[in-house]
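Notes follow once the structure below has been shown.
Bear in mind these aren't lab numbers, they're just calculated from the coordinates by the rules spelled out. Quick caveat, the model's predicted, so the values are computed rather than measured. All Cβ positions, glycine included, derive from the backbone under ideal geometry; neighbour counts span all protein chains shown.
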């Protein structure tokens, strides 16, 4: 669902109830197009997230804390200079547009009371973040817009801020039933009702229009000719009452096969009750909807060099293995070379130099019913003597025999390297912070890939930051997010009587369940196995096989790649990981 004006209106109402009069304690800019304001109000501190990116623009209170860059960007430094200690005085949404104006009471450089404004334009690829003074003169803009970008509206420091050009649509908050019914009667009756709503009224997304149509007709795409004006108005008015704050909002996410597809401030009944998940507020709703998507986007941006390296290396090794397997198949001809050489040696007396071809009786073959042995036609090199022709075939036989051994060794090495690269790719998908990415770069540097990565110089090593969990029965569980972390918890932190878990036959995390004073319960084992299954290539699978054993039985083979282990004594559990349970058991930090 697009972040529409109706969603923004509900979010701003929640923000007013918490943050008006609140004090800004800290300002962060974890991403190039995102800021977070830590606001202290009512005895608690919460973060206001404003994302002005093209992919997932939004404004909401969030519980997600992202890693910040070592050096704050200039836009962030300017906000800190003017808004440090400021109080949120006013929150507006002009003309029901996708624009939020946050006005702060603060002091200028001379100590006089003044106001500053943050204007968030949440408009898809045109989203922007503008910082102005009390007279709406622009002091800074996250994404400047000059004449080369737009001839209609420029947004540059020093200019006075102007709202985006108005749309020729009605305001859904102020429309009356009579006006609505008159517009309905004048509309093309063949047009779908949801398309008519979005083209007639301002600030409503397609998903919300479909929901209004569904509530009125039980179908999301009903043409106007089959709609009743009063029923459509009733559903429309019900939704607008929530937007105006006359009825409580009910933030809900709709999923399809566990994958989030839509979100809204009200239940999207068009998807069916089973597909809906309710949330206590819009902030937790948007955190859940955008959390995994934001992390994947962030990793893709910051790990482009690693992804490029892995893709090229996997393609190169796959091509090399295909050629080696073809060569290995050719080595099967080696036995034939030896048989031909033996046949020539046995018939040297009837061969002479200069012969190009000969037919010889093969007494090593099977005779037919009459007792006649088969004859074979051999091609000879006329420049060589018969004995030299035989020696040439013996050399081919020995070469094929040696190549068969070497190719088998190289193919085994190539297959092992592919498995290793798959484990790195799997770890990259679980990377959460810049430190996780730096550890993966260090690991690849140790594995000999440094020349193909940026920032490949080895760093000063420090203890990896592994994921920590606590089972419902109170036992500590550690989970590695990459191969360096896997080695760290398996070989450095785990005691010999602690339990080690790993998804069977799949790339994934090493998981260690630390024993307490008493033996772990069945629930401890199950939850640790679920954590291992969730952090593997079968995160969405059912009845995932997870091997577990005492840590004393897990060994690293000599010369093995990071994260590679062997074990021979183990049990196997079959579990279906529940993402919500895994998140609940996670210890923040």
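Among 253, 74, 163, 240, the ranking by other beta carbons within 10 Å of each residue's beta carbon, starting with the fewest, stands as 74, 163, 240, 253. Averaged over residues, the count of other Cβ atoms within 10 Å places the peptides 126-137, 304-315 in the sequence 126-137, 304-315, highest first. With the convex hull of its Cα atoms as the shape, the range 5-141 has an orientation-averaged projected area of 8.2 nm².
In the range 329-415, one over the average inverse separation of all distinct C-alpha pairs is 14.5 Å, which is the Kirkwood hydrodynamic radius.
Calculated [222 nm] ellipticity per residue, helices only, for the chain: -12000 deg cm²/dmol; basis is -39500 (n - 2.57) per DSSP H run with n ≥ 4, divided by all residues, nearest 500.
Taking a spot 7 Å from the Cα of residue 25 along the direction of its beta carbon, which residues of the range 38-63 have an amide N less than 17 Å from it? Of the residues in the range 38-63, 38-49, 61-63 have backbone N under 17 Å from the label point off residue 25.
Treating each Cα of the range 467-585 as an identical point scatterer and summing with the Debye formula, the log10 of I(q)/I(0) at q = 0.09 Å⁻¹ comes to -0.20. Two decimals is fine: what is log10 I(q)/I(0) at q = 0.12 Å⁻¹ for the range 106-205, from a Debye sum with one equal scatterer on every Cα and no solvent? Rounded to two decimals, the profile gives -0.61.
When the P(r) of the range 371-447 is calculated, the portion above 19 Å amounts to 66% of the C-alpha pairs.
Site pair residue 574 and residue 368 shows an inter-label distance of 5.9 nm when each label is modelled 7 Å from Cα along Cα→Cβ.
Averaging the Cα positions of each part gives two centres, and for the range 193-249 and the range 549-589 these lie 51 Å apart.
How far is helix 74-83 tilted off the main Cα axis of the chain, in degrees rounded to 10, range 0 to 90? Between the helix axis and the principal axis of the chain, the angle is about 30 degrees. Ranked by how many other Cβ atoms sit within 10 Å of their own Cβ, fewest first, the residues 243, 546 fall in the order 243, 546.
Normalising the average separation of contacting C-alpha pairs (under 8 angstrom, six or more residues apart) by the number of residues puts the relative contact order of the range 292-441 at 31 percent. Quotient of the Cα radius of gyration of the range 370-511 and 2.2 N^0.38 Å, N being its number of residues: 1.87. By the beta-carbon count within 10 Å of each Cβ, the least crowded to most crowded order of 500, 349, 196, fewest first, is 349, 196, 500. Peptides 207-214, 334-341 ranked from most to least packed give 207-214, 334-341, packing being the mean of other C-beta atoms within 10 angstrom over each peptide's residues. Over the range 72-130, all Cα pairs binned in 5 Å intervals from 0 give whole-percent P(r) values of 4, 17, 23, 21, 18, 11, 4, 1, listed from short to long. A compact globular protein would have a Cα radius of gyration near 2.2 N^0.38 Å; the ratio found for the chain is 1.40. Among 509-519, 406-416, sorting by the average number of other beta carbon atoms lying within 10 angstrom of each residue, highest first, gives 509-519, 406-416. Each part gets one Cα centre, and for the range 401-448 versus the range 82-148 those centres are 49 Å apart. The angle separating the long axis of helix 334-346 from the principal Cα axis of greatest extent in the chain is about 10 degrees.
Sorted from longest to shortest, the spans of the Cα atoms of the range 130-172 along the three principal axes equal 33, 28, 14 Å.
The orientation-averaged projected area of the convex hull spanned by the Cα atoms of the range 274-353 comes to 12.5 nm². Computed from the alpha carbon positions, the gyration tensor of the range 179-293 leads to an equivalent ellipsoid with semi-axes of 27, 15, 12 Å, biggest first. The angle between the Cα long axis of helix 177-186 and the longest principal axis of the Cα atoms of the chain comes to about 60 degrees, rounded to the nearest 10.
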